[in-house]
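The values are calculated or read from the model by the stated rules, or taken from the named source; none is laboratory data. This structure is a prediction, so every number in the text was calculated from the model and none was measured. As a convention, Cβ positions derive from the backbone with ideal geometry for all residues, glycine included, and neighbour counts pool all protein chains shown. Please note that ligands, DNA and RNA were not included when accessible areas were found on the heavy atoms of the full protein model with its side chains. Shrake-Rupley method; radii C 1.70, N 1.55, O 1.52, S 1.80 Å.
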Amino acid sequence: MGFPEGRRRLVVAVATLLTLAVVVGIGYRVLAPAEVSTPARGAPPAAGTPAIGVVGRLPVAPLVVAGRLRVYAAERQLYADQPADGRNRVTPFWSYRRWPASLDGVLATGTTVLSRWSDGKLVALDALTGRVAWRADGPTPVDAPPARRTGAATVWDPRGISVTPAPAGRTVLVVSGSGGPRGYDLADGRSLWRVDGDRDCRTDLGTTAAGQVFSVDSCDGRTAVEFRDGATGTVATRWRPPDAPARFTVTPVGCLTPRSQCRGLRTDDGSGGRGWQVGPGAPMAAPALDAADTTLVGELAVGDYGGVLKGREARSGKERWQRGDLGPVRILATEAGRLYVLTERRELITLDPVTGAQRSRFPMTPGRDGIGWKPGRAYAAGGYVAVERLRERADPDDDDQAYFLMAEPVVLAAT
């Protein structure tokens with residue numbers, strides 16, 4: 001015996017509908033936009049005083065926050081481990097994940113970690129707990145560089161996000177992308193201002209230590225640098241170098257991060273660079289910053305002159321100190337009171353940028369890894385220094401296997 005033909009068809013139809021409902025339910029759970037926040041279950045460690053030297057090597061680039069923990073970026077995830085001087089990466093202390101958006105950039109200020117996503121969403125996290133502090137809508141990112149497996153471009157060189165000081169002890173977050181720049185209060189994500197305009201003829205560069213937002217504007221056919229008040233977004237100064245041609249390029253110099261709280265800039269019209277210090281008014285000529293391989297540390301321009309590292313007053317060019325005993329060096333990074341240089345023997349040397357005096361010196365070589373590598377991106381915060389190690393013949397067009405020295409290419413050190 002069996003089901004009548006009509007009943008059999010009904011049973012098949014019902015079974016098919018149930019199967020489709022299950023598939024749709026599973027598909028929705030898998031494909032629907034999602035946010036997964038896993039905050040810390042305990043308190044972070046206290047900030048310690050790590051031993052001077054190489055801490056360890058890591059597969060991805062860290063942000064050291066408050067000297068207590070490390071924050072990392074993945075394609076769709078932001079996560080932290082601890083302590084800051086741990087030899088290896090360990091189980092996440094907290095984690096925050098979004099889908100299907102991808103992580104575009106990360107910036108840490110104090111104990112706030114600001115993340116920017118491919119859909120324009122801004123999410124601020126408390127770095128010590130991993131809990132969401134606020135969310136806001138921002139402009140969609142543009143021109144994001146391809147992310148390699150270390151994530152260094154995302155956390156050490158984020159595009160389109162920067163911070164600047166404002167009155168009453170506030171910090172303004174400046175975000176650029178499609179349309180024009182926007183300003184937010186970093187404390188709560190409140191929108192402060194926005195500028196609408198044609199991005200094709202304007203390039204937002206970042207912020208200055210004097211509380212300004214600066215960008216290059218060439219909408220009328222002539223390049224000019226605009227300085228806006230960081231708290232209001234209004235243009236305070238529109239500037240062009242004396243005797244400058246119609247077009248020139250501008251590069252920020254002496255920044256806290258690659259685009260935040262910069263103290264100088266360099267213009268180049270194709271015939272040579274010109275250095276300038278920036279402050280509340282129009283930029284001031286700083287000839288000691290003219291060379292492309294010099295950097296601004298406080299009021300001093302520091303550069304390698306034929307194997308002699310020199311610190312000179314940026315405006316007058318007067319030499320304040322020199323170190324001819326180091327050989328050729330590469331300036332890796334700077335922060336308040338510290339200048340980090342790497343020698344050809346892969347020694348990391350920490351100098352006082354005001355006097356040139358040595359604060360620490362040690363080989364930047366974990367274990368028996370050797371010195372057969374060249375530095376890639378580098379980062380410094382709170383006395384910690386991290387650098388990517390690249391193969392000596394690495395080319396930017398190489399895949400990650402040929403580009404990085406090994407599976408754990410990032411060296412972290414405490415100075």
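Points worth noting:
- Measuring nothing but protein heavy atoms, the accessible surface of the range 267-369 at 1.4 Å probe radius is 46 percent carbon and sulfur.
- The label point for T38 and the one for A244, both projected 7 Å from the Cα toward the Cβ, are 4.9 nm apart.
- The 3J(HN,Hα) values that the Karplus relation (6.51, -1.76, 1.60; θ = phi - 60°) gives for the range 319-336 are, in residue order, 6, 9, 6, 8, 10, x, 9, 9, x, x, 9, 10, 6, 7, 6, 9, 7, 4 Hz. Gly and Pro appear as x.
- Since only A314, T234, P409 are under comparison, the one whose Cα sits farthest along the positive direction of the charge dipole of the chain, derived from C-beta charges on Lys, Arg, Asp and Glu, is P409.
- Taking Cα atoms only, the orientation of helix 5-31 departs from the longest principal axis of the chain by about 20 degrees.
- Over the chain: helical MRE at 222 nm, DSSP H runs n ≥ 4 each giving -39500 (n - 2.57), nearest 500: -2500 deg cm²/dmol
- Förster radius 35 Å - calculated FRET efficiency between T234 and V354, Cβ distance, rounded to 0.05: 0.50
- FRET efficiency estimate (nearest 0.05) - Cβ-Cβ, A74 to D200, R0 30 angstrom: 0.40
- Proximal charge balance of R182 [Cβ under 12 Å; K/R count +1, D/E count -1]: 0
- Straightening the chain between R131 and A291 buys 53.2 nm, computed as 0.36 nm per residue apart minus the Cα-Cα spacing.
- Figure legend: label point modelled 7 angstrom from the Cα of R222 along Cα→Cβ; residues of the range 240-263 with amide N under 18 Å from it are 240-250.
- Label-point separation, F362 to T49 (7 Å along Cα→Cβ), nm: 1.5
- Only Lys, Arg (+1) and Asp, Glu (-1) charged, at Cβ; the chain dipole about Cα centre in debye: 1000
- Anchor K318: lysines whose Cα lies under 27 Å away (excluding residues fewer than 8 positions away in-chain): K310
- Rg and Dmax, both from the Cα atoms of the chain and both in Å, are 24.9, 105.
- Rounded FRET efficiency, nearest 0.05, which uses the C-beta distance separating D269 from V90 and R0 of 30 Å: 0.05
- Gyration tensor over the Cα atoms of the range 240-310: the corresponding equivalent ellipsoid has semi-axes (square roots of 5 times the eigenvalues, largest first) of 19, 16, 10 Å.
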